[in-house]
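The values are calculated or read from the model by the stated rules, or taken from the named source; none is laboratory data. Everything numeric in this text was worked out from a predicted model, so none of it was measured. Glycine gets a Cβ as well: all are built from the backbone with ideal geometry, and neighbour counts include every protein chain shown. The protein model used for the area step is the full one, side chains on, heavy atoms only, and it has no ligands, DNA or RNA in it. Shrake-Rupley method; radii C 1.70, N 1.55, O 1.52, S 1.80 Å.
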Amino acid sequence: QDCNSETPPLTATSRHYVDRLFDPDPQKVLQGVIDMKNAVIGNNKQKANLIVLGAVPRLLYLLQQSSSSLELRTECAVVLGSLAMGTENNIKSLVDCHIIPALLQGLLCPDLIFIEACLRCLRTVFISPVTPVQLLYTDPTVIPHLMSLLSRSQRTQEYITQIFSHCCKVFVGIWSHTNTVETLPLCYLFYHSLLPNSLPLQVRMQALKCFSVLAYENTQVSMTLVNVLVDGELLSQVFVRMMQRDQPIEMQLTAAKCLTYMCRAGAIRTDDSCIVLKTLPCLVRMCSKEHLLEERVEGAETLAYLMEPDVELQRIASTTDHLVAMLADYFKYPSSVSAITDIKRLDHDLKHAHELRQAAFKLYASLGSNDEDIRKKITETENMMDRIVSGLSESSIKVRLAAVRCLHSLSRSVQQLRTSFHDHAVWKPLMKLLQNAPDEVLVMASSTLCNLLLEFSPSKEPILESGVIELLCSLTQSDSPALRVNGIWALMNMAFQADQKVKVEIVRCLGTEQLFRLLSDPDTNVLMKTLGLLRNLLSTRPHIDQIMSSHGKQIMQAVTLILEAEHSIEVKEQTLCILANIADGNTAKELIMTNDDMLQKIKYYMGHSNVKLQLAATFCISNLIWNEEDGSQERQDKLREMGFVDILHKLTQASDPNLSDRAKTAMQQYLA
C-alpha cells in the first residue's frame, strides 16, 4: 500500500505483530493479539502502522469466526477499541473496513465481557465526528437490541447511553417518520436512565443530554416529552428536581437546557412556574463568578435563548441577582493569577476567555431587545459601549457577531441612538465591520446601520459623509434576501427627508436597472422596502419633478406592473402612495393625466373593498384636482368626464371617517 508523507515509517516490529495474527496455532494468535494490545496503548504511531499494514481486516475476521475462542474474540474487540482511540483517520479506516456491522453482530453473543468490549469500541467509533451515524439504523433490529442490553451491566448502560446521546439527532428523523415514542431509545431512558439515584451520574447525564438534543427546536418531540409521566410524575418536574442546588452543576445546567428548549419549542408556556421560578433563576445562578468558565458560558447562552422572544422574562431576568452587573465580570476574566491556583486551568481559561465575552454580548442582546429601561441599564454598566466597540474588532468572528448583535439590540432605542451611540462614534467600527465580513455578520451589522440612519440619529450625517451609499447599493445585489432587504432599507431611511444631492446620488449609484430589478424581487420584504425608498425619493415637489423627468417612463411602467400583478394589500397601498406623490408634482402629474390606463386603475382602487387602497387612490385624485395649481381646471374637467366625481360623491358617505373626510376634501376642489 502506498503511504503518504504523513504516515510514520513502517517498522519491523509492527510487521511482526501483524504476521503473528496469521499463525496456524490459535494459542500463538491469542498471545500475538494480547502483545499487540499492550503495544498500541497510548502509541498513535504504532496504531497508524498496524492499520496501514492491514491488521484491521484480520482482527475483524478473527472476531467474527465462530471457531475463535471467546477470549480471542474479546481481545480482538479490545485492540480494535484501542485503535479507534487514535486519530480521526484511524476511525475512517476502521469504518471503511466495515467494523460497525461486525461489532453490532458481535452484540448477539451471550457473553457479557465480549459484549462490553464490542460496545466500548462502538461507543468510541460513534462519538467521532467522522462516523456516519446512519450506520446505526441500517438494520431496524439494532436499536431494540441495544435497549435490551441496557440493563445487562453498568458498563453496557454507560456505553449505550453515550451512543444514544451522540446519535439522537438522527433519532428525531426516525421519530418524525413513525410518530411513536416506542421507536426511540427514549422510552427506555425515560424510565431507567434518568430517575434512579442509584445509577451512575454518567449514565443519567447521557440520558439528560439526549433529551436536550432531542427537544432543541423540535416542537413534536417537546410536545411528547412534556406529557411523559415517570412513576406518576411529569417529566418536567423531574427536570425541576435536577436543577436543585444540591445536584451536580452539570446536571442542573443540562436540566435547565431541557426545559428551555421545551419552552422555546412551544411545549411549556413562558409564564409557567417551572420556567419563571426554577429554570430562569438556575441559569442566572450559572452566570456568577464562582462557576467554571464553560458553565458561565453555557448558562449565559442558554438564558439568552430562553428569553429572546419574551419581554416579560427579559424584565424578570434583568432584576434577578444583579444580572446586568454580574455580566460585566465576563469582560474581566481571568483577572488575577492568584485567583486560579491551577496553572492548567489558568492556561485553558486564558485561551477561552473570548467565549465569555461572546456569551455576555449575546445575553445583553437578548435582555435589551425590547425594554427601554433595560437598555439604559446595560449602556450605563461600566465601560459597556467601549467594550462593544472593541468587541466589533476582535479576532474571533463569534465575538464580533455577538458584539454586533448586542449593538443592534441597543440601537432600537431612540434615546441610545441620540446619546451613547453618538458619544462613542459607534458608526466608525460598524462601517469597518461591513467591509468584507461573512454574511451572518453583514446581516446584523447592516440591520444596525439601518437604525443609525433614521432621521433622528445624530450618526446619520457622518455616515453619509463616509461614502456609505455605494456599500449599501452593493448589498442590494446580494444573493441573500436578508442582505438585499437591509441594503434597501438603509437607503430608504437615508432618503427620508434627505436633500436633493443625497437622493440624486442614491439613484445614480443604485442605477435604474437595479432599482427596477428590486421592484420585481421575489422577496416581498425587498419589494416593500424598495417601494418605501421610491416613496421617500419622490417627496417634495422639485425632487418629484426632477426624478420623474429623467425616470418617469420606467417608474410609471413599474407602478403599472405592480398594480396589475398578484400582490398583497400592503404592496398595492405603498404603490398607490407613490402614485399620490407623483400626482403632487408640478410637471410630474401630467404623466398620470396623459395615461388613461393608469386613471382607470385609480378608479378601480377607489371602489375596492379594502379601505386602505380606497384611501390611497382617493389621495391621488385629490392631488390631481387641487385648485391652486396650473391646469387644475382642465384636469378637473377630464376627471369629471371619466366619472370620478360620482365616485367621490359616493365615498363621502363611506362608513370609514378618514375615507369620507378625504372624499369631502376632494369634492370641495370642484365647488371652490
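The table below lists the values:
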| read-out | value |
| --- | --- |
| The listed residue being modelled with pLDDT of 85 or more, within 16 Å of LEU491 (Cβ to Cβ), in contact with a helix residue (DSSP H, G or I) (Cβ under 6 Å, 6 or more places away or on another chain) and surrounded by fewer than 21 Cβ atoms within 10 Å (Cβ to Cβ), out of LEU449, LEU434 | LEU434 |
| Single match in LEU392, LEU449 (criterion: without any contact (Cβ under 8 Å) to a residue 60 or more places away in the chain and closer than 25 Å to ALA325 by Cβ) | LEU392 |
| Hey, VAL559 in the same structural domain as GLU590 (by the TED database) and open to solvent by less than 10 Å² (accessible area, probe 1.4 Å) or not | yes |
| Failed criterion for SER148 (all others in (1) in contact (Cβ under 8 Å) with a residue 24 or more places away in the chain; (2) under 24 Å from PHE211 (Cα atoms); (3) of a type in the set (Gly, Ala, Ser) hold) | (1) |
| Any chance ARG285 is open to solvent by less than 60 Å² (accessible area, probe 1.4 Å), in contact (Cβ under 8 Å) with a residue 12 or more places away in the chain and not in a loop (DSSP other than H, G, I, E, B) | yes |
| Segment 623-644, subset in a helix (DSSP H, G or I) and open to solvent by 20 Å² or more (accessible area, probe 1.4 Å), residue farthest from LEU599 (Cα to Cα) | GLN633 |
| Odd one out for VAL170 among (1) at pLDDT 80 or above; (2) in contact with a helix residue (DSSP H, G or I) (Cβ under 8 Å, 6 or more places away or on another chain) | (1) |
| Any hit, segment 74-94, residues being more than 20 Å from VAL40 (Cα to Cα) and among the hydrophobic types (A, V, I, L, M, F, W, C) | no |
| Complete set of residues in segment 291-308 that are more than 13 Å from PRO281 (Cβ to Cβ) and either of a type in the set (A, V, I, L, M) or without any contact (Cβ under 8 Å) to a residue 12 or more places away in the chain (or both) | LEU292, LEU293, VAL297, ALA300, ALA304 |
| Entirely in segment 38-153, the helices (runs of 4 or more DSSP H) that have 3 or more residues that are closer than 20 Å to HIS16 by Cα | 44-52, 55-64, 70-84 |
| Residue list for segment 574-622, filter: under 41 Å from the mean Cα position of the chain (by Cα), more than 20 Å from ILE647 (Cα to Cα) and either surrounded by fewer than 21 Cβ atoms within 10 Å (Cβ to Cβ) or not aliphatic (A, V, I, L, M) (or both) | GLN574, THR575, ASN581 |
| Qualifying residues in segment 501-539 (those that are open to solvent by 40 Å² or more (accessible area, probe 1.4 Å) and in contact with an Asp or Glu (Cβ under 9 Å, 6 or more places away or on another chain)) - the one nearest to LEU591 (Cα to Cα) | MET528 |
| Meets criteria (modelled with pLDDT of 95 or more, among the β-branched types (Val, Ile, Thr) and open to solvent by 10 Å² or more (accessible area, probe 1.4 Å)) for VAL485 | yes |
| Search result, residues across segment 512-526 that are over 13 Å from PRO481 (Cα atoms) and without any contact (Cβ under 8 Å) to a residue 12 or more places away in the chain | GLU513, ARG517 |
| Tally of residues being part of a helix (DSSP H, G or I), closer than 24 Å to ASP373 by Cα and open to solvent by less than 10 Å² (accessible area, probe 1.4 Å) across segment 386-429 | 12 |
| Residues being surrounded by fewer than 23 Cβ atoms within 10 Å (Cβ to Cβ) and out of contact with any Pro (no Cβ under 8 Å at 6 or more places or on another chain) - total across segment 63-72 | 6 |
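For every residue, the table says whether it meets (1) under 41 Å from the mean Cα position of the chain (by Cα); (2) modelled with pLDDT of 95 or more; (3) not aliphatic (A, V, I, L, M).
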| position | (1), (2), (3) |
| --- | --- |
| ALA12 | no, no, no |
| ASN49 | no, no, yes |
| VAL78 | no, yes, no |
| LEU119 | yes, yes, no |
